[in-house]
Amino acid sequence: MPIETLLADFASENIVLILLAALIFISLFLGVRIVPQSQKHVVERFGRLRAVLGPGINFIVPFLDKVAHKVSVLERQLPNAEQDAITRDNVLVQIDTSVFYRILEPEKTVYRIRDVDGAIATTVAGIVRAEIGKMDLDEVQSNRSQLIQQIKASVEGAVDDWGIEVTRAEILDVNLDQATRDAMLQQLNAERARRAQVMEAEGRKRAVELAADAELYAAEQAAKARRITAEAEAYATEIVAKVIRENGVEAAQYEVALKQVEALSKVAAGGGKQVVLLPSAVMDALGDAFKMLKGKS
């Protein structure tokens, strides 16, 4: 066999092997898909949904299947939005909102909605207006956490068909027009003045109550003192009566003489120079008292 023929056969065989190796390499390159942890890949076959690839190594059919969409499953934040709403008591407010979401089912998201962020923003704006319209301004200001929960629940129900999970919904601020602010400021000042008057009236009332309590306490203490004095006098009278019962008239005369002596002592102890004139009856009584004292000693 000529050398040219052998070389031709060898070259043709090498070309076939090279083509076969290239085909295998391309098939492996197209058939093996490594999906990052933060993504999911949507695979189509002839334009139809074939599968959703999760994180890790995945295999598809080369030349038939292709990765049509690479969807991030990380949590996303919509741009802060501001929309007008009217409360139940006809007050115009501006609500600043922020929504966080993530895609759970990419096959629903890519085939059912074109602009996810725009659709969610429009849905949130409508729900916020509807919820604000059910509440008075005071309720919007005081029950913000409850309002946030209601908005979050309503948004979750609306976007469920899109394979999306709303993780958080926040109301950043509630703004009022200048006229409403001025009216609220006047109302606040009036309320402060009313509270000050109430506190002042309560202070005066408390002062009157304390003064009455003080007078009542003083009266109770005076009555207590009089009662103690009366009990002491009654006790002394009882003792005197007992002595009289036991010692007769002499004890009574003795007691009277002692009282007279005490009275004269007080008169004599007075300031200045003075002369004390004693009737003879008094002197007789004093003498009798001294005799009784000697007799008792």
Every listed condition ((1) touching a residue at least 24 places away in the same chain (Cβ under 8 Å); (2) closer than 21 Å to SER145 by Cα; (3) not small (Gly, Ala, Ser)) holds for ASN58 save (2)
**Message:** Please verify whether ASP182 is farther than 30 Å from LEU49 by Cβ, in a strand (DSSP E or B) and not assigned by TED's automatic domain parsing to the domain that holds ARG48, treating the condition exactly as stated.
**Reply:** no
task = Please verify whether segment 193-201 includes one or more residues that are assigned to a helix (DSSP H, G or I), closer than 30 Å to LEU92 by Cβ and of a type in the set (Lys, Arg).
result = yes
**Prompt:** Is segment 143-154 home to any residue that is more than 21 Å from the chain's Cα centre (by Cα) and of a type in the set (D, E, K, R)?
**Reply:** yes
In the set GLU191, GLU202, GLU165, GLU170, the lone residue that is in contact with a Lys or Arg (Cβ under 7 Å, 6 or more places away or on another chain) and charged (D, E, K, R) is GLU165
Flagged in segment 140-187 as in contact with a strand residue (DSSP E or B) (Cβ under 9 Å, 6 or more places away or on another chain), in contact (Cβ under 8 Å) with a residue 24 or more places away in the chain and among the acidic types (Asp, Glu), in numbering order, are GLU165, GLU170, ASP173, ASP177
Taking segment 108-155 and keeping residues of a type in the set (Val, Ile, Thr) and under 23 Å from LYS70 (Cβ atoms) leaves THR109, VAL110, ILE113, VAL116, ILE120
Condition test on ILE127, is it assigned to a strand (DSSP E or B) and not assigned by TED's automatic domain parsing to the domain that holds GLU44?
no
Scan segment 78-94 and give yes if some residue there is under 30 Å from LEU188 (Cβ atoms) and in a helix (DSSP H, G or I), otherwise no.
-> no
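The values are calculated or read from the model by the stated rules, or taken from the named source; none is laboratory data. Keep in mind it's a predicted model, so treat the numbers as computed, not measured. Quick reminder, even Gly has a Cβ in these numbers, built from the backbone with ideal geometry, and neighbours come from all protein chains shown.
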